[in-house]
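Asker: Following this message is one structure expressed as structure tokens.
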Amino acid sequence: MAVGGIKGMIYRQAGKMLSSFLRKADEEKFAKLLNTLSALSKEPSKSGLKKLADMATEKHPMITSWVKLFNRSAPKVVEGVVNNLIINEFALGEPIRQKNMHKYKVVLPKLVVISPTYACNLNCVGCYAGLYGRKYELTKEEVASIIKQANDLGIYFFIITGGEPFFWPHLFDILEEFKDSYFLIYTNGTLINDEKAKRLSELGNATLAVSIEGFELDTDWRRGRGVFKAILRAWENLRKYGVIFGTSITATKLNHDTIMSDKFWDFLEEQGVAYAWVFQFMPVGMNPSMDLVPTAQQRYERFFKTEELRLSGRFAFVADFWNHGFLTHGCLAAGAKYLHINAKGYAEPCVFQQFAVDNIREKSLLEILKSPFFEAYKRMIPYSNNLFRPCPIIDNPKVFRAMVKHFNAIPQHEGSEKIITDLAPEIDKLAEEWKVYADKLWYEHGYAERYPVFRGIYNYETRMKRYANKENMLAVDKKYMAAEAK
């Protein structure tokens, strides 16, 4: 679905010309591109693009990493990043979302996460989705409807997860149909053969985050014998066709030392991994357990490693979902910046908060975003005055339990309720242990002064009361977009 009318058309024509240009670009040329886009854009994306342009001029390591990435990527892949992610999602999409925010009186997310299936060819230890087969799936029409509704609101970035997305038969049809949107696909990588890698290169509007636990021993222990070698083959195929790919790493109690080692990150860099998402193992799903959950001390140690990597410029970005809450003003869930539509059609606050009230088969995406359940979350974010404690599940568990109870939210897996019943004492203990470390980070390392906390900025009514007018609201949005760009 096209975005932006005549202006959008001009942007995209420029994007097509710039894709070949960027494959040979340096930081100076990239800065010129970003400055041009900034000049054509409206707030708050205008300031965000200008910030990135300044970083390019200064040869910030992250921008240098992007330039190197463009130089080794296929033409259509670079075009997809420029047209769909930078122009549609950011330069054009953000002002559309701002306009619709005031029209519908609801803060709109930047992206939507969709699990079209729970089916998977693996059976990983601790996975919440691996035991259903094809019992729960969304149809191609249902997924297309979700994306169309999101596009209408100005959302052009989607994360596809599961299950295994490449096990869902309609994935490439959706990528083909929505050429103006950009997709991040979480995959185990075992199904990425030469043919699929070639098609991804030709489409250009998707990047793959391939799950890995560490080296062969760590990965095969959790995912099954031979999976590590299959991942290496997938990466080889993606490199061959110039497809941008990253990795998704689940931090557990057992692979902590691997994640902390330079050898592991050197290996990822050598393999051409462009970015890394680090997710802390969560005790959720059908048989939730605390056995693999990292200790508070491990989480504390991991922060310094992932923060060092984030600022190093070795990768396009490194994000530690639980430890980098200060960059996103706390939790992203419940439509603050994203939501999750699961394979049953239910709208969960996030992929780990597996309780829901509304179903996409019964309500529109906009109705769900405006629902009392989601708005209650958004009124409270951040749940703590310390942004190193962003999560309602393991950092502020009493908030999570209160939400589920108050709205009679439905557990999405048989056993999901154990996280607020059987496991509650252990989770409360972990939260208290983490608070000690989080306070040390927040107050002793100076983050409290650099990242002021504003409760309720993701709730429209609260935002309007706090900022009195659109101009003040835009000023705050500019500030946080600049922070996100760092």
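The values are calculated or read from the model by the stated rules, or taken from the named source; none is laboratory data. Just so we're clear, the structure is a prediction, and the values are computed from it rather than from any experiment. All Cβ positions, even for glycine, are placed from backbone atoms using ideal geometry, and neighbour counts span all protein chains on display. Side chains included, ligands, DNA and RNA excluded: accessible areas come from the protein's heavy atoms. Shrake-Rupley method; radii C 1.70, N 1.55, O 1.52, S 1.80 Å.
Asker: Where in the chain lies the longest segment free of GluC sites (Glu not before Pro) that are both loop residues by DSSP (not H, G, I, E, B) and have at most 13 other Cβ atoms within 10 Å?
Answerer: Values: sites that count: E58, E362, E414.
The longest such stretch corresponds to 59-361.
Asker: Shape of the range 329-387 from its Cα gyration tensor (a ≥ b ≥ c, root eigenvalues): rounded if a/c is under 1.5, otherwise prolate when a/b > b/c, or oblate?
Answerer: Details: a/c = 2.62, a/b = 1.79, b/c = 1.46.
Cα axes put the range 329-387 in the prolate bin.
Asker: Could you give each residue of the range 360-369 its phi-based ³J(HN,Hα) in whole Hz, using Karplus coefficients 6.51, -1.76, 1.60 with θ = phi - 60°, and x for Gly or Pro?
Answerer: With coefficients 6.51, -1.76 and 1.60, one gets 5, 7, 10, 9, 6, 4, 5, 4, 5, 5 Hz.
Asker: Let me ask something else. Between Y447 and E141, what's the calculated FRET efficiency when r is the beta-carbon distance and R0 is 51 Å? Round to 0.05. All intermediate terms of the calculation are to be shown ahead of the outcome.
Answerer: Values: r = 46 Å, r/R0 = 0.89.
For R0 = 51 Å, the calculated efficiency reads 0.65.
Asker: Taking the range 337-436, which trypsin sites (Lys or Arg not before Pro) meet the DSSP loop condition and have no more than 16 other C-beta atoms within 10 Å?
Answerer: R361, K363
Asker: Follow-up. Between the range 100-164 and the range 241-317, how far is it from one alpha carbon centroid to the other, in angstrom?
Answerer: Distance between centres, Cα-based: 23 Å.
Asker: Also, quick follow-up: Under a 1.4 Å probe, what is the accessible area of the range 128-205 per residue, stated in Å²?
Answerer: Details: 2820 Å² over 78 residues.
So the range 128-205 comes to 36 Å² accessible per residue, rounded to a whole number.
Asker: I'd like the trypsin sites (Lys or Arg not before Pro) in the range 21-77 restricted to DSSP loop residues with at most 16 other Cβ atoms within 10 Å, sorted by number. Please list the in-between numbers first.
Answerer: Values: sites: R23, K24, K29, K32, K42, K46, K50, K51, K59, K68, R72, K76; in loops: R23, K24, K42, K59, R72.
Here the trypsin sites (Lys or Arg not before Pro) that fit, given the DSSP loop and packing criteria, are K24, K42, K59, R72.
Asker: Also, I was wondering about something else. Calculate, in whole percent, how much of the Cα-Cα pair population of the range 102-148 lies beyond 17 Å. Mind dumping the intermediate values first?
Answerer: Working: 577 of 1081 pairs.
Distances greater than 17 Å cover 53 percent of the Cα pairs.
Asker: Once fully extended, how much extra length lies between F317 and K363, figured as 0.36 nm per residue of separation less the alpha-carbon to alpha-carbon distance?
Answerer: Numbers: separation 46, 0.36 × 46 = 16.56 nm, distance 3.54 nm.
That works out to 13.0 nm of additional length.
Asker: DSSP loop (so not H, G, I, E, B), at most 10 other Cβ within 10 Å: list which trypsin sites (Lys or Arg not before Pro) in the range 221-315 pass both filters. Display every interim value, and only then the final one.
Answerer: Values: sites: R222, R223, R225, K229, R233, R239, K240, K253, K263, R299, R302, K305, R310, R314; in loops: R225, K253, R314.
Here the trypsin sites (Lys or Arg not before Pro) that fit, given the DSSP loop and packing criteria, are R225.
Asker: Moving to a separate point now. Tell me the Kirkwood radius of the range 192-321: reciprocal of the mean inverse pair distance over distinct alpha-carbon atoms, in Å. Numbers along the way, then the final one.
Answerer: Working: mean 1/r = 0.0647 Å⁻¹.
Kirkwood radius, the range 192-321: 15.4 Å.
Asker: What are the lysines whose alpha-carbon lies under 18 Å from the alpha-carbon of K68, with same-chain residues fewer than 8 places away excluded?
Answerer: Cα-Cα hits under 18 Å: K24, K29, K32, K59, K76, K240.
Asker: Now, a different point. Can you list the HN-Hα couplings for the range 167-184, worked out from phi with the Karplus curve (6.51, -1.76, 1.60; θ = phi - 60°), rounded to whole Hz and with x for Gly and Pro?
Answerer: 7, 7, x, 9, 4, 5, 4, 5, 4, 5, 5, 10, 5, 8, 9, 10, 10, 9
Asker: Please label the shape of the range 325-440 as rounded, prolate or oblate, based on the square roots a ≥ b ≥ c of the eigenvalues of the alpha-carbon gyration tensor (a/c under 1.5 means rounded; beyond that, a/b larger than b/c means prolate, else oblate). Could you put the intermediate results ahead of the total?
Answerer: On the way: a/c = 2.34, a/b = 1.41, b/c = 1.65.
The shape class here is oblate.
Asker: May I ask you to compute the full-extension gain from A376 to K398, defined as 0.36 nm times their residue separation minus their alpha-carbon distance, rounded to one decimal in nm? If you can, show how the numbers build up before the last one.
Answerer: Details: separation 22, 0.36 × 22 = 7.92 nm, distance 1.43 nm.
Roughly 6.5 nm would be gained on extension.
Asker: Same structure again: Pull the list of the chain cysteines that no other Cys approaches to under 4.7 Å, Cβ to Cβ.
Answerer: So, C120, C331, C350, C391.
Asker: Still on this structure, I have one more. From zero up to wherever the largest Cα-Cα distance of the chain sits, split into 20 Å bins and tell me the percent of pairs in each.
Answerer: In order of increasing distance, the bins hold 24, 63, 13 percent.
Asker: Rounded, prolate or oblate: which one fits the range 379-430, using the alpha carbon gyration tensor with axes a ≥ b ≥ c (rounded when a/c is under 1.5, else prolate when a/b beats b/c, else oblate)? Mind showing how you got there, number by number?
Answerer: Numbers: a/c = 2.46, a/b = 1.39, b/c = 1.77.
Judged from the Cα gyration tensor, the range 379-430 comes out oblate (a/c at least 1.5, b/c at or above a/b).
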